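Worksheet for the structure shown next.
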Amino acid sequence: MEAGGQSGAALGGRGRTEAVEPSSLQRTYARRVAESKATIPHLYLRAEVDMGEAVALRERLRAALGDGAPGYVDMVVRAAALALREHPRLNGAYRDARFTAHSRVNVAVTVAAQETLILPVISDADQQELAVIAQRRAELTQRARSGEITRPELSGATFTVASYGDEGVDEFAPAVVHGQGALLAAGAVREAPLVRDGAVVAGHAMTLTLCCDQRLIQGAEGAAFLRHVRGLLEQPDRL
């Protein structure tokens, strides 16, 4: 009960206030974020990616495939999944004072839906072609936003790719998902001055932020993974 004997909605110096009961999904998300920030020592590493070749590839794919063409987030998912093969520590976790490793590369992607953040999973992402990743991510996004997503589609993630690029966010540093070792945050692809062969030229760039559990992943190892992902995105024909 609030001060003055009123409950529920109340008038005061802040205007009308009302207690709102969170949904089950919102409670789960809030609990896991709190657990992550309270128990995981975070290490953040950032890298700027020259996205010129990726932009050109995206334009070619759109000309050939239309709206169903893979987007930049799909490229990041594919690049991260391939890099995780070579850097398996980032595909693991620190649990019960032990390092755990996973044989499968299952990448969760963030979807803003149902007034919270939902993390559907692209299973075996390292074995999927770019077009398959794009199709699967589109299907999962639609199912998450329509409320049709199932528990198995939200389970088994070993790594997460987060992006608010469509909302124009250049860079951000979220919490590592509880139970995982790292998360890769991808900013928007934006016009930016870049240095090529000693000259400043107009180009396109993206900021990647690798968020790590420092108990599991040291700076040098995280930097090597980030360098691998950047190399794939700067030469996207390798995807």
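Residues that are at pLDDT 95 or above, more than 21 Å from ILE118 (Cα to Cα) and hydrophobic (A, V, I, L, M, F, W, C) within region 178-215 comprise VAL189, ALA205, MET206, listed in sequence order.
Quick one: which residue in LEU61, LEU45, LEU57 is in contact with a helix residue (DSSP H, G or I) (Cβ under 8 Å, 6 or more places away or on another chain), buried (at least 16 other Cβ atoms within 10 Å of the Cβ) and more than 30 Å from TYR94 (Cβ to Cβ)? Result of the check over LEU61, LEU45, LEU57: LEU57. Scanning region 184-208 for residues that are in contact with an Asp or Glu (Cβ under 6 Å, 6 or more places away or on another chain) and under 30 Å from PRO88 (Cβ atoms) gives GLY187, ALA188, ALA205, THR207. On the stretch given as region 127-155, residues that are free of Cβ contacts under 8 Å to residues at least 60 places away in the same chain and either surrounded by fewer than 17 Cβ atoms within 10 Å (Cβ to Cβ) or β-branched (Val, Ile, Thr) (or both) total 15. Looking at region 163-181, can you tell me whether even one residue there is on the phi > 0 side of the Ramachandran plot and among the small types (Gly, Ala, Ser)? Scanning region 163-181 turns up at least one residue that is on the phi > 0 side of the Ramachandran plot and among the small types (Gly, Ala, Ser). Quick one: would you say LEU43 is assigned to a strand (DSSP E or B) and either out of contact with any Asp or Glu (no Cβ under 9 Å at 6 or more places or on another chain) or at pLDDT 95 or above (or both)? For LEU43, the condition - assigned to a strand (DSSP E or B) and either out of contact with any Asp or Glu (no Cβ under 9 Å at 6 or more places or on another chain) or at pLDDT 95 or above (or both) - is met.
Got a sec? Which strands (runs of 3 or more DSSP E) wholly within region 47-126 have at least 2 residues that are among the aliphatic types (A, V, I, L, M)? If you could, list the steps in order and put the result at the bottom.
Values: elements: 93-95, 98-100, 107-109, 111-113, 116-118.
In region 47-126, the matching strands (runs of 3 or more DSSP E) lie at 107-109, 111-113, 116-118.
Matching residues to (1) in contact with a strand residue (DSSP E or B) (Cβ under 7 Å, 6 or more places away or on another chain); (2) not β-branched (Val, Ile, Thr):
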{"site": "LEU65", "(1), (2)": "no, yes"}
{"site": "GLY68", "(1), (2)": "no, yes"}
{"site": "VAL77", "(1), (2)": "yes, no"}
{"site": "ALA80", "(1), (2)": "yes, yes"}
{"site": "ARG85", "(1), (2)": "no, yes"}
{"site": "ARG89", "(1), (2)": "no, yes"}
{"site": "ALA93", "(1), (2)": "yes, yes"}
{"site": "ARG98", "(1), (2)": "no, yes"}
{"site": "SER103", "(1), (2)": "no, yes"}
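For region 83-112, a residue qualifies if it is within 17 Å of ARG136 (Cα to Cα), buried (at least 19 other Cβ atoms within 10 Å of the Cβ) and not polar (S, T, N, Q), and the qualifying residues are VAL105, VAL107, ALA108, VAL109, VAL111. Looking across region 228-239, just one residue is within 13 Å of ALA80 (Cβ to Cβ) and loosely packed, with under 14 Cβ neighbours inside 10 Å, and that is GLY231.
When ILE217 is tested against (1) exposed (fewer than 13 other Cβ atoms within 10 Å of the Cβ); (2) touching a residue at least 12 places away in the same chain (Cβ under 8 Å); (3) among the aliphatic types (A, V, I, L, M), just one condition goes unmet, and that condition is (1).
The values are calculated or read from the model by the stated rules, or taken from the named source; none is laboratory data. This one's a predicted model, so the numbers in the text were calculated from it and none came from an experiment. Cβ coordinates were reconstructed from backbone atoms using ideal geometry, including for glycine residues, and neighbour counts include every protein chain displayed.
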